[in-house]
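Enquirer: This is the structure I have questions about; it appears just below.
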Amino acid sequence: MNTKKDSELLLDGSQGEGGGQILRSALALSMLSGRPFRLTKIRAGRSKPGLMRQHLACVRAAALVGNAQVEGAEIGSTEIGFRPGTIRGGQFEFKVGSAGSTMLVLQTVLPALLRADAPSRISIEGGTHNMLAPTSDFIADAFLPLLARMGAQVQMTVERHGFFPAGGGLVHVEVRPGPLQPLHLHERGASTGLEAIALLRSLPQHIGERELEIAARRLPLTASARRDLSAGFGPGNALVLKASYANVTEIVVGLGEHGLSAESVAENACRELRSYLAHGAPVGEHLSDQLLLPLLLAGGGSFVTGRPSSHLETNVAVIHAFGAAQVSIAPDQGNPQQHFRVSLET
Amino acid sequence: MQIKPLVVIGFVGTVLDAATGPARWERWRPTVAIGMYEDLAVARLELLLDERRFTKLAATLRHDLAQVSPETQVQIHDFHLADPWDFEQVFAALHEFARSYPFDVEREDYLVHISTGTHVAQICWFLLTEARFFPARLLQTSPPPKQRTGDCGSYAVIDLDLARYDRIAQRFARERADTASFLKSGIATLSPAFNRMIEQIERVAVRSRAPMLLLGPTGAGKSMLARNLFELKRSRHDLKGRFVEVNCATLRGDGAGSALFGHVRGAFTGAQGERAGLLKSADGGLLFLDEIGELGLDEQAMLLRAIEDKRFPPLGGDREVSSDFQLIAGTNRDLAEAVLQGRFREDLYARLNLWTFYLPGLKERAEDIEPNLDFELERFARLNSERITFNREARERYLRFAMSVDATWPGNFRDLGASVTRMATLASQGRITVEVVDEETARLGRLWGHSRRGVAGNGHDSLLQAVLGDAIGEIDRFDRVQLCEVLRVCAAARSASDAGRTLFQASREKRTSSNDADRLRKYLKRFGLEFAQVQAAAKALPSLK
């Protein structure tokens, strides 16, 4: 991918959004490019700086998949060194404690697994619906279909949902490595439906019903359903809103929280989806964070999104630091005030 | 990944951990919380629980911990306590557990969870951990301020090895520096008697503001000790004022009272203005009166009053001045004798004689010569910004001399300081060589000349020298000591009989009759001396009068 393959790349963990995103992007890019890196000032500005358990889970997963030597992989460590070897496919089990996100672990290792020498089957235990991470619904319905369209063969099954704080979620992902085709996602295409699903576990049904009622009042739903999850793994509630179009699907999830009424959960989720519906760009904020690495694997592509998020900008910075590709973000001609076109060229 | 796996050992809280149904996730359960902290990765959790009574609870905890912390292995130990509030029972049971548990501190890190179990259990955990039966740190988990789902509260790891805490360690270090070592100016003295005395002085200084009396020969370090005591007390906020040092030998005549107690304008001719006086300057501080035996009787009376009332009138004034100071007095005289001779007030002596410490001379603290040598070298370096070192042989040779009988050190630490300063100044390129040491020991020999062969270094051996001349070299050192004392008595006696009575007093009291004068004459004869000859020689030596 680049000439300076052996020298250790130095990255400042406090740049950009300053959290775990830069770590996950760097791990993924390092595995892909084979270039070692050293990340300093990890989560420097946070109240508990350094690596937390969920970050450590990502580092360990990457070390296994990327056959890497790792320094400083400890709780609270603010600096790690990562020296990758050959990516290997196979059977992996990853565990994320403290109900940390399984999806962030997947995000870290998936690009590498798509480039591995053999198919993989991975199981990840932990949370599937976390506050500050993509939910498994989002990955399954918004992200993976686009990846499939690019030619990737990735199957994900959610065996158990895992909600904060009890965790206990379990997902299985099968990955068949193969080349990816570039993606150009500039239009949503025709609307094919707008659904609301209320997920409930060990909680009274009326919570889901009240959420669906608000969703029906705020959004032109084409379908709505309540889904009761098997009991025994701690209470959980989520309102999943799914806006489907010919070219793209957007998922917004409102997570139930102790002390937050069902109405508030639903109102917040609806507000977020309505802003997506209003701005008209096909790629929402969270999807834009996920798409750059697949585009890189495909050797190029572009998409139109709303205002670029700090996660997206962090990803761009890390990609540039690795010299992996050129990413440009510019106002889109169709709607230069609100739309931005993100293009990646290798 | 070099970090050692973390193992937590603790009781299951049969109250705090016992919640069932989905609502249990809304409760703070300390044992489950251990698996929930995002910055605490526990490899293994050893739970102590009475399994027969709490089978269901054990199963729930196992299940929930596997969920929140899939990477944690949970082991349950059946632990039966008939009465968990019985200290002896709990201690014995935990002690037994600690002895049988296969601790592997090389490969694992241990935490003892103290937030579950009875208070008695907590105490036992603490005691057993502090005694290192559990080679562990303590883990204290605390609930969130408000019960909220998912909030696992906070935790703290407490290491009972206090040396690991910077602030505590610093405090200990400061404490140590503040006390004994501080009083010794940081010199690591070895003499056990001296070190013990310094510890006593420190204890007295910290607890009392009564006057102190420091005895000891000149140069033994009275003044430095007084200053260090002042600094110690000031650092502890016992004293706020100044350190005032006065050598009473320099206060003679009319000026003495005025210097000490101050005067008002016109108190005597030439008293143009007011003068506060040294006692007033020391208000709130420490007054060190060195050579207090030299103070005049009038001043002694005023000083006593000033100590007792903390008030005194300045010369020529009737309005009293108040001054509250800590007094330390120093002397190399025998004050008790001065009292007998009427030269020192008995009441003042009694007042000063509460805390009396004798600072031995350098000669009596031979083992402290080396640390003091290093101290003097450092002091020289500090004052002159030049680090001087001995080469090894030179250092050995100097120390051998310094600790030998030939080195009398009449000026004590002052002599040592001067000696080091001379050598350091003469050293070329910062190295004190054997040559420099040899020159210095020869110089010291000359300086101490007359006192070199003596016992007390106070001039009596000059009498020995005078009566014996060159023959002194033929007399064993063993005999010289005795002879020296005999001559001293002879010199002071009115007659041979008088001298004999003094010399043989103890045996005289036991026997009915004796001829002490004859016994003395026979003794002197052995050295070829006559009583009259000794008295004549003594008269010719002015220093003995």
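The values are calculated or read from the model by the stated rules, or taken from the named source; none is laboratory data. Note that the coordinates shown come from a computational prediction; the quantities given were computed from them, not determined experimentally. No Cβ is skipped: glycine too gets one built from the backbone with ideal geometry, and neighbour counts run over all protein chains shown. Accessible surface is based on the protein model in full, side chains and every heavy atom, while ligands, DNA and RNA are left aside. Shrake-Rupley method; radii C 1.70, N 1.55, O 1.52, S 1.80 Å.
Enquirer: Three principal axis extents, largest first, for the C-alpha atoms of region B:6-160, in Å?
Expert: Principal extents (largest minus smallest coordinate, Cα): 39, 34, 27 Å.
Enquirer: Right, next: In terms of modelled amide H atoms, which long-range or inter-chain residues lie less than 5 Å from the amide H of residue A:118?
Expert: Long-range HN contacts for residue A:118: A:89.
Enquirer: In addition: I want to check the label-to-label distance for residue B:343 and residue B:156. Put each point 7 Å from Cα in the C-beta direction and report it in nm to one decimal.
Expert: The two pseudo-label positions are separated by 6.4 nm.
Enquirer: Measure off 7 Å from each Cα along the Cα-to-Cβ vector at residue B:305 and residue B:4, then give the distance between these two points in nanometres to one decimal.
Expert: 7.2
Enquirer: Sorted by mean Cβ packing within 10 Å, highest first, what order do the peptides A:237-249, A:149-161, B:410-422 take? Provide the component values of the computation, followed by the final result.
Expert: Values: A:237-249: 21.8, A:149-161: 16.7, B:410-422: 20.1.
The peptides rank, most packed first, as A:237-249, B:410-422, A:149-161.
Enquirer: Calculate, in whole percent, how much of the Cα-Cα pair population of region A:191-279 lies beyond 16 Å.
Expert: Numbers: 1882 of 3916 pairs.
Everything past 16 Å amounts to 48 percent.
Enquirer: What is the percent carbon and sulfur in the accessible area of chain A, measuring with a 1.4 Å probe over the protein chains and ignoring ligands?
Expert: Numbers: 6290 of 13450 Å².
C and S fraction of accessible area: 47 percent.
Enquirer: Say each of residue A:333 and residue B:472 gets a label point 7 Å from the Cα, pointing the same way as Cα to Cβ; how far apart are those two points in nm?
Expert: My value for the distance between the label points is 11.8 nm.
Enquirer: Amide H to amide H, which residues 5 or more places from residue B:315 or on other chains are under 5 Å from it, using H placed in the peptide plane?
Expert: Excluding prolines and chain starts, which carry no amide H, the hits are B:262, B:263, B:264.
Enquirer: A further question follows. Residues of region B:44-74 losing 20 Å² or more of accessible surface, assembly versus chain alone, probe 1.4 Å, please list them.
Expert: Those residues are B:63, B:67, B:68, B:70, B:71.
Enquirer: Just tell me which aspartates and glutamates come within less than 19 Å, Cα to Cα, of residue B:539; anything on the same chain fewer than 8 places away is out.
Expert: B:461, B:485, B:498, B:530
Enquirer: Computed over the Cα atoms of chain A, what is the convex hull's projected area averaged over all directions, in nm²? Write down the numbers at each step before the final one.
Expert: Working: hull surface 64.4 nm².
Mean projected area of the Cα convex hull: 16.1 nm².
Enquirer: In square angstrom and rounded to 100, what buried accessible area do you get between chains B and A, total over both, with the probe at 1.4 Å? Before the final figure, lay out each step's value.
Expert: On the way: alone 29480 and 14590 Å², together 41780 Å².
About 2300 Å² of accessible surface is lost on pairing.
Enquirer: State the extension gain, in nm to one decimal, for the chain segment bounded by residue B:400 and residue B:190, taking 0.36 nm per residue of separation less the distance between their alpha-carbons.
Expert: On the way: separation 210, 0.36 × 210 = 75.60 nm, distance 1.67 nm.
So the chain would gain 73.9 nm between residue B:400 and residue B:190.
Enquirer: Let me ask something else. For chain B, what is the relative contact order in percent, using Cα pairs closer than 8 Å and at least 6 residues apart in sequence?
Expert: Details: 821 pairs, mean separation 50.7, N = 545.
Relative contact order of chain B: 9 percent.
Enquirer: Place a label point 7 angstrom from the Cα of residue B:131 along the Cα-to-Cβ direction, then list the residues of region B:84-100 whose backbone nitrogen is under 13 Å away.
Expert: B:88-99
Enquirer: Moving on to the next point. So what is the 222 nm mean residue ellipticity for chain A from helices alone, if each DSSP H run of at least 4 adds -39500 (n - 2.57) and you divide by all residues, rounding to the nearest 500 deg cm²/dmol?
Expert: So the calculated ellipticity at 222 nm is -9500 deg cm²/dmol.
Enquirer: How shielded is A:64-76 by partner chains, expressed as the average number of their Cβ atoms within 10 Å of its Cβ atoms? Numbers along the way, then the final one.
Expert: On the way: counts 0, 0, 0, 0, 0, 0, 1, 2, 3, 3, 4, 7, 3.
Partner-chain Cβ atoms within 10 Å, mean over residues of A:64-76: 2.
Enquirer: Please compute the alpha carbon radius of gyration of the protein assembly as shown, then divide it by the globular-protein estimate 2.2 N^0.38 Å. Two decimals is fine. Write out the running numbers ahead of the final one.
Expert: Numbers: Rg = 44.8 Å, N = 891, 2.2 N^0.38 = 29.1 Å.
It is 1.54.
Enquirer: So what's chain B giving for Rg/Rh, alpha carbon basis, Kirkwood Rh from the mean inverse pair distance? Walk me through the numbers before you get to the answer.
Expert: Details: Rg = 36.9 Å, Rh = 30.8 Å.
Result: Rg/Rh = 1.20.
Enquirer: Per residue, how much accessible surface does the protein assembly as shown expose to a 1.4 Å probe? Answer in Å², no decimals. Let's see the in-between values first.
Expert: Values: 41780 Å² over 891 residues.
Computed with neighbouring chains in place, this is 47 Å² per residue.
Enquirer: Measuring from centroid to centroid over Cα atoms, what is the spacing of region A:120-137 and region A:302-346 in Å?
Expert: 26
Enquirer: Starting from one equal scatterer on each C-alpha and no solvent at all, send me the Debye-based log10 I(q)/I(0) for region A:9-183 at q = 0.11, 0.14, 0.15 Å⁻¹, two decimals.
Expert: -0.43, -0.71, -0.82
Enquirer: Determine the principal axes of the Cα atoms in region A:280-346, then give the extent along each, sorted from largest to smallest and rounded to whole angstroms.
Expert: 31, 19, 16
Enquirer: Any of B:363/B:510; B:233/B:280; B:4/B:146; A:242/B:146; B:56/B:146; A:48/B:56 with alpha carbons more than 29 Å apart? Name them for me.
Expert: Working: B:363/B:510 36 Å; B:233/B:280 19 Å; B:4/B:146 34 Å; A:242/B:146 35 Å; B:56/B:146 27 Å; A:48/B:56 36 Å.
Those over the limit are B:363/B:510; B:4/B:146; A:242/B:146; A:48/B:56.
Enquirer: Under the 0.36 nm per residue contour assumption, what length would be gained going from the current alpha-carbon distance of residue B:206 and residue B:15 to full extension? Don't jump to the answer; show the numbers that get you there.
Expert: On the way: separation 191, 0.36 × 191 = 68.76 nm, distance 4.90 nm.
Separation in residues times 0.36 nm, less the Cα-Cα distance, equals 63.9 nm.
Enquirer: Within a 10 angstrom radius of each residue's Cβ in A:161-168, how many Cβ atoms of other chains show up on average? Whole number is fine. Walk me through the intermediate numbers first.
Expert: Working: counts 0, 3, 3, 5, 12, 11, 8, 6.
Average per residue, whole number: 6.
Enquirer: Return the carbon/sulfur percentage of the accessible area of chain B, one whole number, probe 1.4 Å, all protein chains in place. Please report the intermediate quantities before stating the final value.
Expert: Values: 14120 of 28340 Å².
Percent of accessible area from carbon and sulfur atoms in chain B: 50.
Enquirer: Counting DSSP beta bridges in chain B, what percent are antiparallel, to the nearest 5? Write out the running numbers ahead of the final one.
Expert: Values: 9 of 48 bridges.
Approximately 20 percent, going by the DSSP bridge assignments.
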